[in-house]
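Asks: Below: one structure in structure tokens.
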Amino acid sequence: AYREVNVEKTKKLAESAAEHGIKRFIFLSSVKVNGEKTYGSNYFNYNDTPKPEDFYAISKFEAEKALWEVSRRTGLEVTVIRLPLVYGYGVKGNLKKLIKLVRLGIPLPLSSIQNKRSMIGIDNLIDLLIKCIEHPSAAGKTFLVSDGKDLSTPNLINQISTAMGSGSRLFPFPIFLLKFLFKIFGKKKEIDRLTTSLKINSNHIKKVLNWSPPVNVAEGIRRMVQGK
């Protein structure tokens, strides 16, 4: 199913775009093409050897390769942007659940987590896409992008609480027990996202496109929480 949507339909759309004279095709891929996590002081870079692990990430990488083939065959300009978590008003998934828990004031056993994860706010992403539409140096490139400020899970919760005008309720709990409990209930992926690091080096795109995120993280989270 992932391959049908992410690879085959993307390829057909790109071929149709080329046939109708579209000049540039901007593809939103995923940083998961690089891998699931980073370690220590390491960051994912735009020129790393791809290491996709799950079906979704593999399909995104296959879509990238299909687009480069279409580009070689038709002359269609392709820009690939590998995204981390995109946050903003109406966000879904685990971040939506986290916002709900913070809003309810439920104590969370997450203060011992010391990870770092890169994200990008929806306003920053839109600004970047506008930049990529016409910038001559965007063609033929693969970019990694983030807000430029990596947050730990406790940092993120504190930012959400601040945006709500309330205090966060975090308390320490052994991480190995958290992982054990989540695994028992079939939530291993969820706890991995809360405890592991995924850091992006976005210096390449900033340099090539002379771009920087116009909205800082605190403001982006405020807009997400308050719906502005």
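Asks: Nearest 10 degrees is fine. How inclined is helix 55-74 to the longest principal axis of the chain, computing both from alpha carbons?
Replies: That helix lies at roughly 20 degrees to the long axis.
Asks: Here is the link list: Lys96/Lys188; Lys116/Lys183; Lys96/Lys199; Lys100/Lys149. Which ones come out longer than 25 Å on Cα distance?
Replies: Numbers: Lys96/Lys188 18 Å; Lys116/Lys183 21 Å; Lys96/Lys199 21 Å; Lys100/Lys149 23 Å.
Violating the 25 Å limit, Cα to Cα: no pairs.
Asks: Something else now. Given charges of +1 on the Cβ of Lys and Arg and -1 on the Cβ of Asp and Glu, with all other atoms neutral, how large is the dipole of region 165-228 about its Cα centre, in debye to the nearest 20?
Replies: Details: 13 positive and 3 negative charges, 23 e Å.
Here region 165-228 has a charge dipole of around 100 debye.
Asks: How big is the antiparallel share of DSSP beta bridges in region 23-151, given as a percent to the nearest 5?
Replies: Around 5 percent antiparallel, to the nearest 5.
Asks: Here's a follow-up. What percentage of the solvent-accessible surface of the chain, computed with a 1.4 Å probe over protein heavy atoms, is contributed by carbon and sulfur atoms?
Replies: After summing per-atom areas, the C and S share lands at 55 percent.
Asks: Here is a follow-up. If you count only protein heavy atoms with a 1.4 Å probe, what accessible area per residue comes out for the chain, rounded to a whole Å²? Kindly include the intermediate steps, with their values, before the conclusion.
Replies: Numbers: 12350 Å² over 228 residues.
Result: 54 Å² per residue.
Asks: For the pairs Lys51/Lys206; Lys65/Lys206; Lys11/Lys189; Lys11/Lys65, flag any whose C-alpha to C-alpha distance is greater than 21 Å.
Replies: Beyond 21 Å between Cα atoms: Lys51/Lys206; Lys65/Lys206; Lys11/Lys189.
Asks: Additional query: What are the semi-axes of the equivalent ellipsoid for region 70-182, taken as the square roots of 5 times the Cα gyration tensor eigenvalues, largest first, in whole Å?
Replies: For region 70-182, the ellipsoid semi-axes come out as 37, 16, 11 Å.
Asks: Hey, what angle do you get for helix 93-104 against the long axis of the chain, alpha-carbon based, 0 to 90 degrees rounded to 10?
Replies: Here the helix axis deviates by roughly 30 degrees.
Asks: Just to verify a number: what accessible area does Ser168 come out at with the full protein assembly present, 1.4 Å probe, Å² rounded to tens?
Replies: For Ser168, solvent-accessible area is about 40 Å².
Asks: In addition: On a 0 to 90 degree scale, rounded to 10, what angle separates helix 122-134 from the longest Cα axis of the chain?
Replies: Rounded to the nearest ten degrees, it is 10.
Asks: Continuing with the same structure: Could you list, bin by bin from short to long, the percent of Cα-Cα pairs of region 1-108 in 10 Å steps?
Replies: For region 1-108, the pair-distance distribution reads 13, 34, 30, 16, 5, 1.
Asks: Kirkwood Rh and Cα-based Rg: tell me the resulting Rg over Rh for the chain, rounded to two decimals. It would help to have the intermediate numbers written out before the result.
Replies: On the way: Rg = 18.8 Å, Rh = 18.9 Å.
For the chain, the value is 1.00.
Asks: Rounded to the nearest 0.05, what FRET efficiency is calculated for Arg3 and Leu101 with R0 set to 41 Å and r the Cβ-Cβ distance?
Replies: After rounding to 0.05, the efficiency reads 0.75.
Asks: How large is the charge dipole for the chain, taken about the Cα centre, if only the Cβ atoms of Lys, Arg (+1) and Asp, Glu (-1) carry charge, to the nearest 20 debye?
Replies: So the dipole magnitude of the chain works out to roughly 600 debye.
Asks: Right, next: Just how far, in whole angstrom, is region 49-87 from region 174-221 if you go by their alpha carbon centroids?
Replies: 21
Asks: Dipole of region 136-228 (Lys/Arg Cβ +1, Asp/Glu Cβ -1, origin at the Cα centre): which of Thr162, Ser146, Ser212 lies farthest to the positive side?
Replies: With unit charges placed on the Cβ atoms, the residue in question is Ser146.
Asks: Same structure, new question: By DSSP, what percent of the beta bridges with both residues in the chain are antiparallel, rounded to the nearest 5?
Replies: 10
Asks: Long-range amide H contacts for Asn115: which residues qualify at under 5 Å (H placed 1.01 Å from N, peptide plane, sequence gap of 5 or more or a different chain)?
Replies: Thr153
Asks: Considering the Cα trace of region 121-228, what is its radius of gyration and what is Dmax, both in angstroms?
Replies: In Å, with Rg to one decimal and Dmax whole: 17.5, 51.
The values are calculated or read from the model by the stated rules, or taken from the named source; none is laboratory data. These figures come from a predicted structure and were not determined experimentally. Positions of Cβ are backbone-derived with ideal geometry, glycine not excepted, and every protein chain shown enters the neighbour counts. Quick note on the areas: whole protein, heavy atoms, side chains included, nothing else; ligands and nucleic acids left out. Shrake-Rupley method; radii C 1.70, N 1.55, O 1.52, S 1.80 Å.
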